[in-house]
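Coordinate-derived values only; no laboratory data. Please read these numbers as outputs of a predicted model, since none were measured by experiment. Don't worry about glycine lacking a Cβ; one is built from the backbone with ideal geometry, like all the others, and counts go over all protein chains shown.
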Amino acid sequence: MISSTAVMAFEWIILILAYILVAGRIYVKLFLRGFGIYAADYLLIAGLVACQGLLICDTLTYQMNAMDDFSLASTSTPVKKIRFATNYFFDTGIYFPKFSIIAFYFNLVPVTNSSMRKALYALTGLTAAFALTTFLCDTFWCGADPSINWAEGHQTCTVFTSMTLMRLNWSLNFTTEVLNLVFPIPLLSGLMTSTRKKIGLAVIFGMGLITIIVSVGRFVTMLYVHNDISIYIWATAEICISVMIVALTALRPLLRKFTNNASTSSDDRTGPTRNSIYWPGSNKIPRRHVVQVGSESLAGSETELNTMSGGIMMTHQVTVSIGKPDGDEESNSDIRG
């Protein structure tokens with residue numbers, strides 16, 4: 001069996017990775033794109049706070065040498081209080097990344113697509129209802145007085161050890177996780193773009209499968225291994241990975257910056273270049289629907305979704321670098337197609 005020290009090392013490593021990715025997302029929003037911090041970002045930060053709260057509870061449990069005995073009911077009152085708080089950080093906190101991606105969907109779905117907007121409102125209401133249900137169950141599952149969960153002596157009911165409550169909370173969480181994953185599928189199928197681009201976007205949204213796989217692993221472990229320290233790993237991995245995946249969806253400009261820096265270093269060795277920007281599409285696309293991005297600018301979006309009469313068109317920036325002899329003046333030209 002894995003040691004409690006190894007468990008704590010894993011948990012803090014994955015939490016640090018979550019901090020790095022969320023910080024990268026904020027950096028992209030503030031400095032690369034020049035945007036502010038919006039609802040989706042605040043909700044993701046709230047999810048990160050829940051991860052931190054869960055890790056603090058696990059660390060305190062580890063310091064009290066209570067981590068190795070997962071299902072022991074007759075523990076000290078401080079340990080019982082910590083375990084009660086753990087339910088809030090995990091069961092309720094895991095909904096914050098879901099709300100963050102839903103806030104992103106509100107910006108992604110065109111207001112002219114009434115059917116998808118209605119489905120999005122339904123998804124939002126269902127997720128909020130499940131989150132509230134989880135919070136209330138974690139509070140009053142064993143009675144109107146929550147303090148029964150950390151009362152002295154042996155208790156017949158505690159929120160932390162109730163398998164019935166665990167199954168209920170997992171079912172609600174799993175349902176919303178799947179719905180969040182499948183929601184953008186009709187939107188992707190309506191994009192007027194190449195199959196390769198559709199596959200790329202599908203991969204971005206499909207990363208939610210990782211969270212679903214981890215969630216199933218945690219559920220199976222809790223069903224068949226009632227007193228195993230690995231459950232701490234599954235729980236921490238699930239909530240931290242959900243935060244990390246949402247953060248990853250906004251890190252493309254940061255990757256593009258690193259790529260451009262590497263390309264600039266290569267150009268410095270091979271000689272000056274001249275850059276041209278080409279926008280594929282139709283002359284019917286109004287200019288206000290296309291955002292020009294200069295060759296050295298990282299503040300704009302590389303991909304734009306435009307509502308058309310026949311569907312949704314995605315315009316994409318392509319930068320072409322052409323080598324030129326020394327002495328020529330640099331020139332930039334924009335071609336709108």
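Quick look at the numbers
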item: Net lengthening on full extension, THR77/VAL182 (0.36 nm per residue, minus Cα-Cα); result: 33.5 nm
item: Chain lengthening between GLN155 and LEU223 when straightened (0.36 nm per residue, less Cα-Cα); result: 22.4 nm
item: Cβ-derived FRET efficiency at R0 22 Å, ILE212 paired with THR5, nearest 0.05; result: 0.15
item: J(HN,Hα) series, region 19-35, from Karplus relation 6.51 cos²θ - 1.76 cosθ + 1.60, nearest Hz, glycine and proline x; result: 4, 4, 5, 5, 4, x, 4, 5, 4, 4, 5, 7, 10, 8, 8, x, 8
item: Distance in nm between pseudo-label sites at MET163 and ALA129 (7 Å out along the Cβ direction from Cα); result: 2.9
item: Residues with amide H under 5 Å from that of ALA66, placed H, sequence gap 5 or more; result: none
item: 3J(HN,Hα) from dihedral phi, region 115-131, Karplus parametrisation 6.51/-1.76/1.60, rounded to Hz, x for glycine, proline; result: 5, 5, 5, 5, 4, 5, 4, 5, 4, 5, x, 5, 5, 5, 5, 5, 5
